[in-house]
Amino acid sequence: MKIPMTAEQLSALKSFLTRFEDSEQLSDSEYVLDLYDLEPPLSLDLSIGKNCLFVDGAATLLFDEEMDGWYIGERIEDADSILRALTEAGALNS
(Lines give C-alpha, C1' and ligand atoms only; values in the text may rest on other atoms or scores of the structure.)
Protein backbone atom coordinates (compact mmCIF):
# COMPACT_ATOMS: atom_id res chain seq x y z
CA MET A 1 0.00 0.00 0.00
CA LYS A 2 1.28 3.45 -0.91
CA ILE A 3 0.52 6.39 1.41
CA PRO A 4 1.36 9.90 0.13
CA MET A 5 3.26 12.00 2.70
CA THR A 6 4.95 15.35 2.90
CA ALA A 7 8.71 15.68 3.27
CA GLU A 8 8.14 16.85 6.86
CA GLN A 9 6.05 13.78 7.71
CA LEU A 10 8.63 11.45 6.17
CA SER A 11 11.44 13.19 8.05
CA ALA A 12 9.57 12.88 11.36
CA LEU A 13 8.81 9.23 10.65
CA LYS A 14 12.41 8.37 9.75
CA SER A 15 13.64 10.12 12.89
CA PHE A 16 11.15 8.13 14.98
CA LEU A 17 12.10 4.85 13.31
CA THR A 18 15.84 5.33 13.89
CA ARG A 19 15.42 5.98 17.63
CA PHE A 20 12.43 3.80 18.57
CA GLU A 21 13.38 0.68 20.55
CA ASP A 22 11.03 -1.69 18.72
CA SER A 23 12.04 -0.59 15.22
CA GLU A 24 14.58 -2.53 13.17
CA GLN A 25 16.25 -0.94 10.17
CA LEU A 26 16.65 -3.47 7.37
CA SER A 27 18.18 -1.14 4.77
CA ASP A 28 18.55 2.60 4.20
CA SER A 29 14.80 2.98 3.72
CA GLU A 30 13.23 -0.26 5.04
CA TYR A 31 12.05 -0.85 8.60
CA VAL A 32 10.08 -3.32 10.68
CA LEU A 33 8.16 -1.54 13.43
CA ASP A 34 6.35 -3.23 16.32
CA LEU A 35 3.96 -1.04 18.31
CA TYR A 36 3.23 -3.08 21.44
CA ASP A 37 1.71 -0.19 23.43
CA LEU A 38 -1.18 0.40 21.03
CA GLU A 39 -4.52 -1.32 21.33
CA PRO A 40 -4.41 -3.57 19.43
CA PRO A 41 -0.61 -3.87 19.12
CA LEU A 42 0.64 -3.72 15.52
CA SER A 43 3.55 -4.88 13.40
CA LEU A 44 4.41 -2.86 10.28
CA ASP A 45 6.84 -3.47 7.41
CA LEU A 46 7.61 -0.02 6.03
CA SER A 47 9.64 1.44 3.16
CA ILE A 48 10.23 5.16 2.89
CA GLY A 49 9.93 6.53 -0.64
CA LYS A 50 10.55 10.00 -2.05
CA ASN A 51 7.06 11.41 -1.42
CA CYS A 52 5.34 8.43 0.12
CA LEU A 53 5.39 5.62 2.63
CA PHE A 54 5.07 2.07 1.33
CA VAL A 55 3.42 -0.33 3.77
CA ASP A 56 4.65 -3.72 2.64
CA GLY A 57 2.82 -5.49 5.45
CA ALA A 58 0.69 -4.58 8.45
CA ALA A 59 -1.01 -6.78 11.01
CA THR A 60 -2.25 -6.87 14.55
CA LEU A 61 -0.09 -8.65 17.11
CA LEU A 62 -1.53 -11.18 19.54
CA PHE A 63 0.15 -12.53 22.67
CA ASP A 64 0.19 -16.23 23.53
CA GLU A 65 0.50 -16.69 27.29
CA GLU A 66 1.41 -20.38 27.02
CA MET A 67 4.24 -19.76 24.59
CA ASP A 68 5.09 -16.40 26.21
CA GLY A 69 5.40 -14.69 22.84
CA TRP A 70 3.79 -12.53 20.17
CA TYR A 71 2.37 -13.75 16.88
CA ILE A 72 0.77 -12.15 13.83
CA GLY A 73 -3.00 -11.70 13.91
CA GLU A 74 -5.32 -10.04 11.41
CA ARG A 75 -3.95 -8.19 8.37
CA ILE A 76 -4.54 -4.45 8.17
CA GLU A 77 -5.26 -3.09 4.72
CA ASP A 78 -6.64 0.34 5.63
CA ALA A 79 -4.27 3.31 5.20
CA ASP A 80 -6.24 5.46 7.68
CA SER A 81 -5.77 2.84 10.43
CA ILE A 82 -2.02 2.80 9.79
CA LEU A 83 -1.76 6.61 9.82
CA ARG A 84 -3.79 6.74 13.05
CA ALA A 85 -1.50 4.16 14.67
CA LEU A 86 1.66 5.98 13.59
CA THR A 87 0.27 9.27 14.90
CA GLU A 88 -0.80 7.68 18.21
CA ALA A 89 2.66 6.16 18.62
CA GLY A 90 4.26 9.59 18.12
CA ALA A 91 5.84 8.79 14.75
CA LEU A 92 4.01 11.55 12.86
CA ASN A 93 3.10 15.10 13.66
CA SER A 94 -0.65 15.25 14.12
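Details
- Sequentially through region 43-57, phi angles give Karplus couplings (6.51, -1.76, 1.60; θ = phi - 60°) of 10, 10, 9, 10, 10, 8, x, 5, 10, 7, 10, 9, 9, 7, x Hz, Gly and Pro residues having no value and appearing as x.
- Its residues counted as N, the chain yields a C-alpha radius of gyration over 2.2 N^0.38 Å of 1.04.
- For the chain, the per residue solvent-accessible surface stands at 63 Å², with DNA, RNA and ligands left out and a 1.4 Å probe.
- Cut-off under 5 Å, modelled amide H: who pairs with Met5 long-range: Cys52, Leu53
- Apolar share of the accessible surface for region 49-89: 47 percent from carbon plus sulfur atoms, 1.4 Å probe.
- Spherically averaged projected area of the convex hull of Cα atoms, region 1-52: 3.7 nm².
- Note on Asp78 and Gln25: their simple-model spin labels are 3.3 nm apart, each label 7 Å out from Cα toward Cβ.
- Packing around the peptides 61-71, 42-52, taken as the average count of other Cβ atoms within 10 Å per residue, puts them in this order, highest first: 42-52, 61-71.
- When only Cα pairs below 8 angstrom with a gap of at least 6 residues are kept, the chain shows a relative contact order of 26 percent.
- Taking packing as the residue-averaged number of other Cβ atoms within 10 angstrom, the listed peptides 53-59, 24-30 run from highest to lowest as 53-59, 24-30.
- Share, in percent, of DSSP beta bridges within the chain that are antiparallel, nearest 5: 100 percent
- Only helices enter this figure: runs of n ≥ 4 DSSP H residues, each worth -39500 (n - 2.57), summed and divided by the residues of the chain, yield -7500 deg cm²/dmol at 222 nm to the nearest 500.
The values are calculated or read from the model by the stated rules, or taken from the named source; none is laboratory data. Keep in mind it's a predicted model, so treat the numbers as computed, not measured. All Cβ positions, glycine included, derive from the backbone under ideal geometry; neighbour counts span all protein chains shown. Remember, those area values only see protein heavy atoms, side chains included, never the ligands or the DNA or RNA. Shrake-Rupley method; radii C 1.70, N 1.55, O 1.52, S 1.80 Å.
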